[in-house]
1. Go through the stretch 127-182 and report how many residues are over 13 Å from residue 92 (Cα atoms), in contact (Cβ under 8 Å) with a residue 40 or more places away in the chain and not in a loop (DSSP other than H, G, I, E, B).
2. Is it the case, given these coordinates, that residue 11 is farther than 17 Å from residue 116 by Cα and at pLDDT 95 or above?
3. Given the condition assigned to a strand (DSSP E or B) and either of a type in the set (A, V, I, L, M) or within 17 Å of residue 67 (Cα to Cα) (or both), answer yes or no: does some residue in the stretch 188-199 qualify?
4. Which members of the stretch 159-175 meet the condition of being under 20 Å from residue 99 (Cβ atoms) and of a type in the set (A, V, I, L, M, F, W, C)?
5. Just to be sure, is residue 172 at pLDDT 95 or above, under 19 Å from residue 27 (Cβ atoms), among the acidic types (Asp, Glu) and out of contact with any His (no Cβ under 7 Å at 6 or more places or on another chain)?
6. Report yes if residue 126 is within 13 Å of the chain's Cα centre (by Cα), within 23 Å of residue 168 (Cα to Cα) and modelled with pLDDT of 95 or more, otherwise no.
7. Which count do you get for residues in the stretch 58-88 that are buried (at least 18 other Cβ atoms within 10 Å of the Cβ) and among the small types (Gly, Ala, Ser)?
Amino acid sequence: MQLPTSPSTSAPSSAPTPTPPVAPARMPLPRRAAWSGVARCVATSAGMLVRRKVRFPRSQVGRRIGFADSTSARVYRDTRVGGPVADPCFLAVTFRLRAVRGRGHAWFRAESWLNTPLFVGFPGFVSKLWLAHDEHGRYRGLYEWDGTDRAETYAGSLWHVLALVSESGSIDYRIVPGVRRGDILADTSVLAPWFPDEDGAWWRVASVT
C-alpha cells in the first residue's frame, strides 16, 4: 500500500487528484500459520522479558483517547521495545469480550499482563497502547509496527487468539502505513487522508487528552 500523494506542481491544472486509499479487506490468517506464529512469538517474548528488553512506561497511562465514532477510552498500559524503525505503520485492533460485564472488565485489565508474550515477540513490534473498554464495551489496542506486512501477519494471527474470548463479529483491525504512534498522539489530523470511506470509524483517533 502506498501513501497518498499530492498532484505534482508541474502538472496541468486539469490533472486528476489521486484517489484516496480504501481500506482493504481484513481477515484472519490460516489457522495453522497463525498458531505457529503465536508459538514462535511466545518463545521469543520469554527471552525478551528475561533480558528486560520490554518496557512499560507510565507517561501515556491515564490519557483519554476519543474516536471518530464518538466513543472514547482510557489508556491503562503502555508496552514498548527499543531499536530503530525503518518502515513505521499504525495498527489499531478492536474486539468485544464475550460475557464480560461490570467488575469483569477490571479483572480482565489486571490479568491482561499475561497476554504480553502473545505480541511483543512478533517481528516488527514497536509499541502498544492498551485501551480500556469504551461506552459500547469495546477494547482497542493502538500499536506502532515496523513494516505493514509484519503488522498484517500479526493482526491476522491475533484474530484467532481473540476469537477464543470475543463476541462473534467484534474483531477488526486497520493498518495505516507511514504513520507513527507518536505522530497521531501529537496531531490526529495525520489520519485524515486515510480511508475517507470510514470517516466516522472506530479506529480513527479524533482527540487525545
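The values are calculated or read from the model by the stated rules, or taken from the named source; none is laboratory data. None of these values were measured; they are calculated from a predicted model. All Cβ positions, even for glycine, are placed from backbone atoms using ideal geometry, and neighbour counts span all protein chains on display.
1. To start, the set of residues in the stretch 127-182 that are over 13 Å from residue 92 (Cα atoms) comprises 132-137, 146-147, 149-150, 153, 157, 160-170, 178, 182.
In the following step, the residues that additionally are in contact (Cβ under 8 Å) with a residue 40 or more places away in the chain were identified as 132-137, 146-147, 153, 157, 160-163, 165-167, 170, 178.
Subsequent filtering for residues that are not in a loop (DSSP other than H, G, I, E, B) retains 146, 153, 157, 160-163, 166.
Qualifying residue count for the region: 8.
2. Here the answer is no, as residue 11 does not meet what is asked.
3. Residues of the stretch 188-199 that are assigned to a strand (DSSP E or B), as a first pass: none.
Checked the stretch 188-199: no residue is assigned to a strand (DSSP E or B) and either of a type in the set (A, V, I, L, M) or within 17 Å of residue 67 (Cα to Cα) (or both).
4. Initial filter on the stretch 159-175 (under 20 Å from residue 99 (Cβ atoms)): 159-172.
Passing the criteria: 159, 161, 162, 163, 164, 165, 171.
5. Considered against the rule, which asks whether it is at pLDDT 95 or above, under 19 Å from residue 27 (Cβ atoms), among the acidic types (Asp, Glu) and out of contact with any His (no Cβ under 7 Å at 6 or more places or on another chain), residue 172 comes out as yes.
6. Considered against the rule, which asks whether it is within 13 Å of the chain's Cα centre (by Cα), within 23 Å of residue 168 (Cα to Cα) and modelled with pLDDT of 95 or more, residue 126 comes out as no.
7. Within the stretch 58-88, residues that are buried (at least 18 other Cβ atoms within 10 Å of the Cβ) and among the small types (Gly, Ala, Ser) number 1.
A quick yes/no check of all residues on (1) under 27 Å from residue 50 (Cα atoms); (2) within 14 Å of the chain's Cα centre (by Cα); (3) surrounded by fewer than 20 Cβ atoms within 10 Å (Cβ to Cβ):
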{"position": "109", "(1), (2), (3)": "yes, no, yes"}
{"position": "117", "(1), (2), (3)": "yes, no, yes"}
{"position": "143", "(1), (2), (3)": "yes, yes, no"}
{"position": "150", "(1), (2), (3)": "yes, yes, yes"}
{"position": "154", "(1), (2), (3)": "yes, yes, no"}
{"position": "166", "(1), (2), (3)": "no, no, yes"}
{"position": "174", "(1), (2), (3)": "no, yes, no"}
{"position": "185", "(1), (2), (3)": "no, yes, yes"}
{"position": "195", "(1), (2), (3)": "no, no, yes"}
